[in-house]
Structures are given as structure tokens and as C-alpha cells.
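Chemist: First, the structure itself, so that you have it in front of you.
The values are calculated or read from the model by the stated rules, or taken from the named source; none is laboratory data. If you're wondering where the values come from, they're calculated on a predicted model, not measured in any experiment. Quick reminder, even Gly has a Cβ in these numbers, built from the backbone with ideal geometry, and neighbours come from all protein chains shown.
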Amino acid sequence: MTHLESIRKIIHVDMDAFFASVEQLDRPELRGKPVAVGGSRERGVVAAASYLARKFGVHSALASSIAARRCPDLIFVYPRFDRYKEVSNQIMDIFKRYTDLVEPLSLDEAYLDVTYNKKELKSAIKVAMMIRHDIKSEIGLTASAGVSFNKFLAKTASDIDKPDGLSVILPDDALTFLNELKVEKFHGIGKVTTKKMHEMGLFKGSDLLSFGKEALIRNFGKAGKHYFNMVSANDQRVVSATRIRKSIGAENTFSENLTELSQWENALENILISLIKRIRKTGRKGKTITLKIKYFDFEQKTRSKSLAHYTDKEDLIWQTTLELLKTPEYPAKGIRLLGITLSNLDVVEIKKTGQLTLEF
């Protein structure tokens, strides 16, 4: 178990149904109704769903047509990412009143290390309460938070009492909690791995612990070491105020299936414009260009090419994208989504800060 003098105080804050909640904030007539953000009833994919919609089995990444069948009264709202980013920036500003050690995971969630904080509060629980209060009173949205001494436990705790909840996993309670935690609740263990673990008789944390580190590595590779560290409360990852971005991308889902080369090229030109804007904003370059294709029947393919040098040149990315479009052959059926991603980005310096603590 972690010694008291090295215990950090980590908060994971996760906004509740963020995109849908922002829409309901801006449009009071949507409050108390099932809302899905992302395209129309007939086309596209759900990007986010309100909690009322989730009760009908509507969730992110679900085809809009299926969502509409599951919830006939579902209200579809077209996403406004500029607005979501604006609200996200307001939330991040609130976080930074308390600590500069903020590690955003997306627009709507972040880790905070409040071991030493700007308010000079000893209690991480008190800090989490104040942050949630500030978000609700100043912005009008609810957030769930998890408090613990490492990132894995803090993130796990934030899911316990959603929405609008605050959960704490104290150092003395961590191993007992982890022993009883079902393997599918471990962040990073997906459906395929869960199925494999169940077939091996591994159903909860205590099973992983008794199975042992070496056996987990033999069966799950490097991930096995990570699983053992998680279940033994030995997550040493620090909250990093600067994260390395791994890719920059843009994509679009179409209202009608695109079946002609000219349609694909026109759509890709518009996507490239969005991508180049994002590349310019980040100041990054990359070596790998990926074309994403999703067909009308939801089959998805990616085609990638890695260059010999880093680039942010629009012409080179465009020519490579056209090359990928016809390699190994042009698509043979209607397309509902296209995307372009630049990855294998140039390295930026990342700051890491180790922390010590007083009392939890």
C-alpha cells in the first residue's frame, strides 16, 4: 500500500451528458426531454444523449436511426462544437482557480492534482465540492467527481454516483474496493477482454490479484502489467498539465450516401479545410495520413500512409488522401462518412510534476 507521506490527492471531474446538457442549458424547452446530439433522425450517429434518452438505450456512437426506434420521442439536435468548447474553457478556468495541475482528457473531463492547491485546503473532498458548486452556480451545469489518491481510482469513483455525484475512495478502503470491483468496471478493460477474463474465471479484482502479475502478463501482454498495477492500487501515473496530442483529425457524416468519385472528392476537400485549420491552430506536423471510410451499411475501413518526414502542407496531405482513396481500389459502395487524420505527430515537451502530501 502507498505510504502516507507519498499519497497524492487526485480529483477526476466528469461533466454529466455534456453536449446534451449544454443544449438543454441554452434551450430551456429541451429540459426534461430525451435529447440526442448528432445529426438527424434518419442519418448520422449519436454524439451524446441526455440521461432521459439513455433510459431508452440511446448512447453515444449509436446510429441515429436505431436511436429513433428505441426512443420515438427523441429530439435530435445538431452539434455545436464551438459552443461546447466555449463552455469547456469556462470549466477549465474554474479548475485552474484551484490548481495548475489540470490534465484535460476531453472537452468534458479532466484530472486535477490538488495535493497542494491554490486555496491551501488540506481536504481534496472539500476542493471537489467547491469545484462542483462553482460549475453549477456560474455555468448552470452539473458535474460528477471522484476523489482518491491515484488517477485510476479517481476516475472509477467519478462513475459511482452519476449524474451530479461525488464519490471518494480513501487509501484505507482502496484494496477492499478493488477486490470487489467487477473486471468490466476497470477503465481500459473492454468487452472482448472482459469475455476472455470471464472464460478464464476472472470476474472481479480479487480474481486478478490472486491470478498474479506474471500470469496476467502472459495472457494479456503489457496490458496485464497495467491491470495488476490497477488492482493493487499501484497506479503511479502523475497528473500532467501538458498532454501529448497523438493525432489531429476531421470528418463528416453525410445526409445521403455518396456514390460518385466527384462527390467523394468534394466532400474530402471540405474536410481537408477543417483539418488544416486545426493543424494551424496546434502548430503541429505529422508523418502519417489516414483516410477513414464508413459505408452505408456501417462497415468501416481505414487506409494509412506514413511519409519519410513531418509535414503540415495542405497540398501533400491532399495528394496523399487522393492516393489513399484509390488504394487498393476505389470504394465499391455508397459512403456515409469520410474523415482525414494526421498522426505520428512531432514531439512536444511534456512537463511532469511529482507530488507529496500532508493528510488526505
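Chemist: Can you name the helices (runs of 4 or more DSSP H) wholly within the stretch 31-114 that have at least 3 residues being touching a residue at least 40 places away in the same chain (Cβ under 8 Å)?
Modeler: 81-98
Chemist: Please indicate, with yes or no, whether at least one residue in the stretch 270-284 is in contact with a helix residue (DSSP H, G or I) (Cβ under 9 Å, 6 or more places away or on another chain), assigned by TED's automatic domain parsing to the domain that holds Gly339, assigned to a helix (DSSP H, G or I) and under 15 Å from Tyr330 (Cβ atoms).
Modeler: Looking for residues that are in contact with a helix residue (DSSP H, G or I) (Cβ under 9 Å, 6 or more places away or on another chain), assigned by TED's automatic domain parsing to the domain that holds Gly339, assigned to a helix (DSSP H, G or I) and under 15 Å from Tyr330 (Cβ atoms), one finds none in the stretch 270-284, hence no.
Chemist: Right, next: Quick check: is even one residue across the stretch 298-310 under 21 Å from Gly38 (Cα atoms), touching a Gly at 6+ places or on another chain (Cβ under 6 Å) and aromatic (Phe, Trp, Tyr)?
Modeler: no
Chemist: Same structure again: Can you go through Val35, Val58, Val45 and tell me which one is under 17 Å from the mean Cα position of the chain (by Cα), over 26 Å from Lys151 (Cα atoms) and not assigned by TED's automatic domain parsing to the domain that holds Leu209?
Modeler: Exactly one of Val35, Val58, Val45 is under 17 Å from the mean Cα position of the chain (by Cα), over 26 Å from Lys151 (Cα atoms) and not assigned by TED's automatic domain parsing to the domain that holds Leu209, namely Val45.
Chemist: I'd like to know if the stretch 289-302 contains one or more residues that are among the basic types (Lys, Arg), surrounded by 13 or more Cβ atoms within 10 Å (Cβ to Cβ) and modelled with pLDDT of 90 or more.
Modeler: For the stretch 289-302, residues among the basic types (Lys, Arg), surrounded by 13 or more Cβ atoms within 10 Å (Cβ to Cβ) and modelled with pLDDT of 90 or more: present.
Chemist: Return yes or no: is Tyr78 more than 25 Å from Asp134 (Cα to Cα) and among the hydroxyl-bearing types (Ser, Thr, Tyr)?
Modeler: yes
Chemist: Now for a separate question. Residues to consider are Gly188, Gly221; find the one that is surrounded by fewer than 18 Cβ atoms within 10 Å (Cβ to Cβ) and touching a His at 6+ places or on another chain (Cβ under 9 Å).
Modeler: Among Gly188, Gly221, only Gly188 is surrounded by fewer than 18 Cβ atoms within 10 Å (Cβ to Cβ) and touching a His at 6+ places or on another chain (Cβ under 9 Å).
Chemist: Is it true that Ala128 is among the small types (Gly, Ala, Ser), crowded, with 20+ Cβ neighbours inside 10 Å, in contact with a Ser or Thr (Cβ under 7 Å, 6 or more places away or on another chain) and at pLDDT 95 or above?
Modeler: No.
Chemist: Let me ask something else about it. In the stretch 115-163, how many residues are among the basic types (Lys, Arg) and in a loop (DSSP other than H, G, I, E, B)?
Modeler: 4
Chemist: Also, I was wondering about something else. Tell me whether the stretch 288-304 contains one or more residues that are among the aromatic types (Phe, Trp, Tyr), touching a residue at least 40 places away in the same chain (Cβ under 8 Å) and part of a loop (DSSP other than H, G, I, E, B).
Modeler: Within the stretch 288-304 (the criterion being among the aromatic types (Phe, Trp, Tyr), touching a residue at least 40 places away in the same chain (Cβ under 8 Å) and part of a loop (DSSP other than H, G, I, E, B)), the answer is yes, since at least one residue qualifies.
Chemist: Can you name every residue in the stretch 165-182 that is surrounded by 17 or more Cβ atoms within 10 Å (Cβ to Cβ), free of Cβ contacts under 8 Å to residues at least 40 places away in the same chain and in a helix (DSSP H, G or I)?
Modeler: The one that is surrounded by 17 or more Cβ atoms within 10 Å (Cβ to Cβ), free of Cβ contacts under 8 Å to residues at least 40 places away in the same chain and in a helix (DSSP H, G or I): Phe177.
Chemist: Only one of these is in contact with a Pro (Cβ under 7 Å, 6 or more places away or on another chain) and not assigned by TED's automatic domain parsing to the domain that holds Val168: Asp73, Asp26. Name it.
Modeler: Asp73
Chemist: I've got another one for you. May I ask you to list the residues in the stretch 202-218 that are of a type outside the set (Phe, Trp, Tyr), out of contact with any Lys or Arg (no Cβ under 9 Å at 6 or more places or on another chain) and surrounded by 14 or more Cβ atoms within 10 Å (Cβ to Cβ)?
Modeler: Correct list: Ser206, Asp207, Leu208, Leu209, Ala215.
Chemist: Out of curiosity, is Ala154 modelled with pLDDT of 95 or more, farther than 24 Å from Val37 by Cβ and within 17 Å of the chain's Cα centre (by Cα)?
Modeler: It is true that Ala154 is modelled with pLDDT of 95 or more, farther than 24 Å from Val37 by Cβ and within 17 Å of the chain's Cα centre (by Cα).
Chemist: Continuing with this model, one more query. Output yes when any residue across the stretch 48-59 is charged (D, E, K, R) and under 30 Å from Asp235 (Cβ atoms), and no when none is.
Modeler: For the stretch 48-59, residues charged (D, E, K, R) and under 30 Å from Asp235 (Cβ atoms): present.
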